[in-house]
Amino acid sequence: MKRLLPSPWLSLGLLGGWLLLTRSFSLGQVLLGVSVAVVMPLLMAPLRPRPGPLRRWRVLVRLILRVGRDVLWSAAQVAAGVWRAKAHPPRGAFVVVPLELRDVHALAALTMITAVVPGTVWAELAPDRSALLIHVFDLDDEAAFIQHYKADYERPLKEIFE
């Protein structure tokens, strides 16, 4: 079974996505969707990285909750910053954050966290993975931002993956 469907959840998602995009549940569309759901994971299997080790599940749950909280808080801050932009323009800035993370899975998770939190954009990772360049929508204190970023995101990811 694993040989035919190396990623059953991905196959199920592809089939569901196919049927939603075509907006048809005809036999032909279902067969096409099933063929895409079976063939695409087989073709892409060599490109998939091996799964990363998850060591601390409680830390992962706390990190997910913290990111959810930060997404809501940052969305409110960005909305307020846009609302008052004419009277008080946001102070956007690029920030260099020194990194201790080296695991590729942890860096990928950090990328997703940075992308999902409103007001932050991952700009560049140093070739030696020692520093990260982030653009922040409205920055009051660079040192406080770096401390928050490292404590709330990097440190838990380091505990989970390394």
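Values in this text are rule-based calculations from the coordinates and carry no lab data. Just so you know, these numbers come straight off a predicted model, no measurement behind them. Ideal geometry is used to build each Cβ from the backbone, glycine not excepted, and the neighbour counts take in all protein chains shown.
Largest mean-square fluctuation among 12, 60, 110, in a Gaussian network model of the chain whose springs join Cα atoms under 10 Å apart, belongs to 12. Normalise the Debye intensity by I(0) for region 57-161, one equal point scatterer per Cα, no solvent, then take log10 at q = 0.10, 0.21 Å⁻¹ and round to two decimals. For region 57-161 at q = 0.10, 0.21 Å⁻¹, log10 I(q)/I(0) is -0.28, -1.14.
Would you mind calculating the relative contact order of the chain from Cα pairs under 8 angstrom and at least 6 residues apart, reporting the percent as a whole number?
Details: 174 pairs, mean separation 40.1, N = 162.
Relative contact order for the chain comes out at 25 percent.
Relative to the longest principal axis of the Cα atoms of the chain, helix 57-83 runs at roughly 60 degrees.
Dipole magnitude for region 57-161: about 320 debye, using +1 per Lys or Arg Cβ and -1 per Asp or Glu Cβ, origin at the Cα centre. Based on Cα contacts under 8 Å between residues 6+ apart, region 8-47 shows a relative contact order of 49 percent.
On alpha carbon coordinates alone, what is the Rg over Rh value for region 8-47, Rh being the Kirkwood radius? List each step's numbers first, then the result.
On the way: Rg = 10.1 Å, Rh = 10.1 Å.
Ratio of gyration radius to Kirkwood radius for region 8-47: 1.00.
Would you calculate the convex hull of the Cα atoms in region 1-70 and tell me its volume per residue in Å³? Hull volume normalised by residue count: 144 Å³.
Note on residue 125 and residue 32: the model spin-label points, each 7 Å out from Cα along the C-beta direction, lie 3.7 nm apart.
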